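Report on one structure; see the data block that follows.
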Amino acid sequence: MSGTFGWLSADKSELDSYAGGNDWYNRSLSGGVSLGWYWTDHWKTDIEGGISSGAELQAYTTTVVDGRPVSLRSSYEFATRRLAISQQYQFYRNAWFHPFAGAGLDLTWEQTDRVDEFFSSLPFRPGTPHPTRTELLTRPFATFGFKAYMTPRAFFRTDLKLVFKEGVDETLLRFGLGVDF
Amino acid sequence: MKRFIALLLCVGLVAPGCATSQTPRVQTARPTPARVADRDVLADYAGQLRLGSRIKATTTDNRIVRGTLVKRTDQALVIQPRTRVAEPLIEVPFDELLALEQEVPSPSGASTGRAVAIGAGVGAGAALGVLFLLFAVLWGGD
C-alpha cells in the first residue's frame with residue numbers, strides 16, 4: 001500500500017486552433033493511494049485511486065459572429081478523479097532497491113469548466129460561461145520507477161506514469177511513501 | 001565457370017559454420033575426475049572460511065546465494081541469505097557447488113547496493129526539490 005503526490009501535465013492541443021501555443025496544462029497537483037497484491041516475488045496487480053487539483057488553460061480559436069471573423073479566447077479549468085488498474089513487474093527479489101515497470105488501464109473522470117471571451121471590434125461582450133462538464137476517459141498507461149526501502153517493510157517510491165491517446169496524453173511524476181504488509 | 005564460383009562461395013560460407021558448431025562440443029565435454037577435484041578444492045576452501053563470513057556461492061544450476069556462512073559440514077555449507085526481509089537458511093551441498101567466493105565489505109561500509117540506494121534517494125530528493133520549486137514558480141507567478 002502506498003500514498004503518493006505528484007505533478008500532472010496533460011495534452012489539450014485539440015482545444016487550440018493556433019499552432020505554436022502552449023497546448024498542455026501543467027499546473028496540476030495530484031494525490032493518490034494505491035493498493036497492490038503480489039502474485040509472485042515479481043508480479044503485482046495494483047489498483048490506484050487519485051484526484052488532481054484544478055489547472056487552467058487558455059485556448060484561442062477563430063469563429064464568425066454577425067458575419068465577421070472574431071477571435072475567441074476560452075478559459076478552461078480541468079480537474080480529475082481517476083481509478084486505474086495495472087500489472088507491474090518488480091526487478092530483483094527481497095532487495096533494498098527495486099526498479100519496476102507496469103502497464104494498465106486508466107479511468108479518468110475529467111471535469112471541465114469553460115468561459116469564452118470574444119476579441120473584436122464588436123461591442124464588448126462579457127465572458128460566456130459554459131455548464132460544468134464531466135467526461136469519462138478510458139486510456140491505457142505505462143509506468144516505470146523504483147522503490148527504495150528505508151526499513152524492511154517501509155519504502156519511498158517514485159515513478160513516471162504516461163497515459164496514452166494518439167501519443168502521450170498525460171504525464172504524471174509521482175513521489176510517495178508505502179508499506180508492505 | 002559461374003557455376004564453379006557459385007559452388008566455391010557456397011562451400012566457403014558453409015564450411016566455417018560447420019567448424020564453429022563443432023567447437024563447443026569439444027570444449028564443453030569435461031572429464032569426470034576434474035569435477036571431483038573441483039568439489040574437493042571448494043570443500044577445502046570452505047573449510048578455511050570463518051563462520052560469519054560473507055560469501056557468494058554459485059550452484060551448478062547457476063543459482064547465486066549471497067549471505068553469511070553460519071555452518072559448515074563435510075557435505076555442505078549452510079548460508080543465511082542476506083536479504084531485506086529475513087529468509088530461512090539455505091543448505092548448499094558441495095556436490096552442487098560450482099563456485100565459492102568470500103565477499104569482504106569495504107572498510108567504510110560502502111557497497112554497490114548501498115551506493116545505488118543513496119544515489120536514488122539523493123536523486124529523488126533533488127527531483128522533489130525541483131518539483132516544489134516548479135510549483136512555487138508556477139503558482140507564485142499569478
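The values are calculated or read from the model by the stated rules, or taken from the named source; none is laboratory data. Because the structure is a prediction, the values reported are computed rather than measured. Don't worry about glycine lacking a Cβ; one is built from the backbone with ideal geometry, like all the others, and counts go over all protein chains shown.
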Exercise for review: Output the residues belonging to segment B:85-118 that are at pLDDT 90 or above and within 14 Å of another protein chain (Cβ to nearest Cβ).
Suggested key: B:Val85, B:Ala86, B:Glu87, B:Pro88, B:Ile90
Practice item. Answer with yes or no whether B:Gln102 is surrounded by 13 or more Cβ atoms within 10 Å (Cβ to Cβ) and of a type outside the set (Gly, Ala, Ser). Key: yes
Exercise for review: Could you grab the pairs with beta carbons closer than 6 Å, sequence gap of 6+ or different chains, first residue in segment A:15-29 and over 14 Å from A:Glu56 (Cβ atoms) and in a loop (DSSP other than H, G, I, E, B), second one polar (S, T, N, Q) and at pLDDT 65 or above?
Suggested key: A:Ser17/A:Thr61
Point to revise | Residues of segment A:24-56 satisfying the condition of being of a type in the set (A, V, I, L, M, F, W, C) and either more than 14 Å from every other protein chain (Cβ to nearest Cβ) or within 21 Å of A:Tyr89 (Cα to Cα) (or both) | key: A:Val33, A:Leu35, A:Trp37, A:Trp39, A:Trp43, A:Ile47, A:Ile51
Review point. Could you count how many residues in segment A:134-167 are over 16 Å from A:Ala84 (Cβ atoms) and within 13 Å of the chain's Cα centre (by Cα)?
Key: 0
Exercise for review: Tell me which residues, restricted to segment B:74-84, are farther than 14 Å from B:Glu96 by Cβ and either more than 14 Å from every other protein chain (Cβ to nearest Cβ) or touching a His at 6+ places or on another chain (Cβ under 8 Å) (or both).
Suggested key: B:Asp74
Exercise for review: Identify, by number, the condition in (1) among the hydrophobic types (A, V, I, L, M, F, W, C); (2) more than 19 Å from A:Asp169 (Cα to Cα); (3) modelled with pLDDT under 80 that A:Ala19 doesn't meet.
Suggested key: (2)
**Study point:** Residue ID - modelled with the lowest pLDDT, chosen from residues in segment A:59-69 that are surrounded by fewer than 16 Cβ atoms within 10 Å (Cβ to Cβ) and part of a strand (DSSP E or B)
**Key:** A:Val65
Revision key, fill the gap. Being away from chain B (no Cβ under 12 Å) and either surrounded by 15 or more Cβ atoms within 10 Å (Cβ to Cβ) or aromatic (Phe, Trp, Tyr) (or both) narrows A:Asp159, A:Asp180, A:Asp169 down to just A:Asp169
Practice item. Give the residue, chosen from A:Ala95, A:Ala101, that is surrounded by 13 or more Cβ atoms within 10 Å (Cβ to Cβ) and farther than 23 Å from A:Leu172 by Cβ. Key: A:Ala95
Exercise for review: From A:Glu170, A:Glu117, A:Glu110, A:Glu135, grab the single residue that is among the acidic types (Asp, Glu) and modelled with pLDDT under 90.
Suggested key: A:Glu117
